[in-house]
1. Filter the range 79-91 for residues that are in a loop (DSSP other than H, G, I, E, B) and either near the ligand (Cβ under 10 Å from one of its atoms) or over 23 Å from residue 276 (Cβ atoms) (or both) and give the result.
2. Quick test for you: out of 467, 418, pick the one residue that is surrounded by 17 or more Cβ atoms within 10 Å (Cβ to Cβ), in contact with a strand residue (DSSP E or B) (Cβ under 7 Å, 6 or more places away or on another chain) and not in a loop (DSSP other than H, G, I, E, B).
3. Hey, can you tell me all the residues within the range 431-442 that are under 14 Å from residue 225 (Cβ atoms) and assigned to a loop (DSSP other than H, G, I, E, B)?
4. Would you pick out the residues in the range 509-549 that are touching a residue at least 40 places away in the same chain (Cβ under 8 Å) and farther than 26 Å from residue 559 by Cα?
5. So for the range 398-410 (the condition being assigned to a loop (DSSP other than H, G, I, E, B), within 11 Å of the ligand (Cβ to nearest atom) and crowded, with 18+ Cβ neighbours inside 10 Å), does at least one residue qualify?
6. In the range 224-260, what residues are within 22 Å of the chain's Cα centre (by Cα), more than 13 Å from the ligand (Cβ to nearest atom) and in contact (Cβ under 8 Å) with a residue 60 or more places away in the chain?
7. On the given criteria, is residue 100 touching a strand residue (DSSP E or B) at 6+ places or on another chain (Cβ under 8 Å), assigned to a helix (DSSP H, G or I) and either near the ligand (Cβ under 10 Å from one of its atoms) or farther than 29 Å from residue 389 by Cβ (or both)?
8. Which of the residues spanning the range 354-367 are within 16 Å of the ligand (Cβ to nearest atom) and either surrounded by fewer than 24 Cβ atoms within 10 Å (Cβ to Cβ) or touching a residue at least 60 places away in the same chain (Cβ under 8 Å) (or both)?
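The values are calculated or read from the model by the stated rules, or taken from the named source; none is laboratory data. In this text, all values refer to a predicted model and were calculated from it rather than measured experimentally. Ideal geometry is used to build each Cβ from the backbone, glycine not excepted, and the neighbour counts take in all protein chains shown.
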Ligand SMILES: Cc1cc2nc3c(=O)[nH]c(=O)nc-3n(C[C@H](O)[C@H](O)[C@H](O)COP(=O)(O)OP(=O)(O)OC[C@H]3O[C@@H](n4cnc5c(N)ncnc54)[C@H](O)[C@@H]3O)c2cc1C
């Protein structure tokens, strides 16, 4: 029988330490840290400075697992710290110019500037940042207020009392690949909290289970995701100088009209460029490979010309929850709230979520402070967070693009037309509320797959393993794979025939391999090969697997990419 699958940890009877805090925040991204900072300030102002706040982060260092473009709309940061620039929040550059390039398949391109740039892609007044640097700065601000931020601790499961969330259990450390305790075994602890804030970012593994268990997505659209592939390049100084502060978005090749997506080039400081390509995971082609698509994009003369003579510094990938307002789950329940990407606070038309993540953290903090003052963390009390959101600019912004991403499920041209109509109808477009197919439901059979990978040349076109090296991804090898295939036999039978094992294509980190020539060989080898140490925590597999049998769970705390400066 195939070996890939759930390793039974057989850890019954393990004694776990219990830690009791008032508020537990899972995830030290912009949403979680903004929530912590604002909450501490509100509690201090109310004379409740002794309230215990704890922030847990799965990365070895705060910032190591965040990845963004990133052009930041300063609105959220300004509300958190009106003097954010004077205080030293790191920025790469204010945006000095923006344009949209339409890349043609023949290697030529058309540039749109000024009034011809679609309104969502206008970026004057915004700032190019490294989210890694911003998040590390936020962590310093939080610690300056006496907040405990603990990297290296992953929330592994949610603790419940009926429908009430009572906290989380952190990941056990020191379990070998067969599920047995090693000498240095350290049981995860139970962190008990009056309020738990789920700030895990895109497709949070705890949030996913919570949403399903409590039906928080009842009556909502399916969340839609994109995978974004990003690299940072150092380029020759002469070219870099004129690009610092530039924001270039690209449409057209290589994706053309086959799906939703496009590219970005942002001019950073220190002669560096942030480049990336985003593709909707509702693309029907089972051979589509986001990393290969990004490679083809880099090879387009318009992009290749900018990178000529340059050097790759960093690589990474992450998904984005782009479904918008109608895809957001219920934001609260007994003892918990959801903030940031974990709750879908992303404006996909603008490719922006940082300001909304910060704002969601601020709004949640106001409600939690109120709940602690009243000693009442019940669902009706925490409903105040959703009420605050509905009365905020964040809601207005998200509502104004409420049908954006779904419109592209009717085809690229239909999407463009509807997106144009949405601009003049306050976000409505042709239909009051567009429905959506879940990403994994959109795959066409293998026989209809057309996507072909480019040849890798070691220059612009780097293979996945070379790129993964530049992500810094590393995990303790002697632990159970954190990527769990729930039905390995299904990969060998149906998936091979129907879809050709698409995990080997869509994973941007070469985690999954299917080298088997026959079902017998596949069974003999234990099914799909899972190189879990390569995993960059993008969550593409959890979303794109057509049978939804791959589950992304947290590895031992600290494992994963090192997205320095991403
Ligand atoms: C390719 C790409 C390009 C983007 N470009 C832009 C842009 O240009 N401008 C913009 O405004 N937005 C952009 N975004 C969106 C933006 O980055 C996100 O909206 C924003 O980072 C969300 O913040 P967050 O705090 O919710 O989540 P994150 O930034 O993802 O932070 C979540 C944190 O939680 C941690 N975590 C997760 N699970 C656990 C767990 N179980 N236990 C402990 N810790 C956990 C993670 O390690 C991470 O540190 C982009 C996103 C991507 C992927």
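1. 81, 82, 83, 84, 85, 86, 87, 88 - these are the residues of the range 79-91 that are in a loop (DSSP other than H, G, I, E, B) and either near the ligand (Cβ under 10 Å from one of its atoms) or over 23 Å from residue 276 (Cβ atoms) (or both).
2. 467
3. Those that are under 14 Å from residue 225 (Cβ atoms) and assigned to a loop (DSSP other than H, G, I, E, B): 436, 437, 438.
4. Scanning the range 509-549 gives 522, 523, 546, 547.
5. Scanning the range 398-410 turns up no residue that is assigned to a loop (DSSP other than H, G, I, E, B), within 11 Å of the ligand (Cβ to nearest atom) and crowded, with 18+ Cβ neighbours inside 10 Å.
6. Matches in the range 224-260: 224, 233, 250, 251, 259, 260.
7. Criteria not met by residue 100.
8. 354, 355, 356, 357, 358, 359, 360, 361, 362, 364, 365
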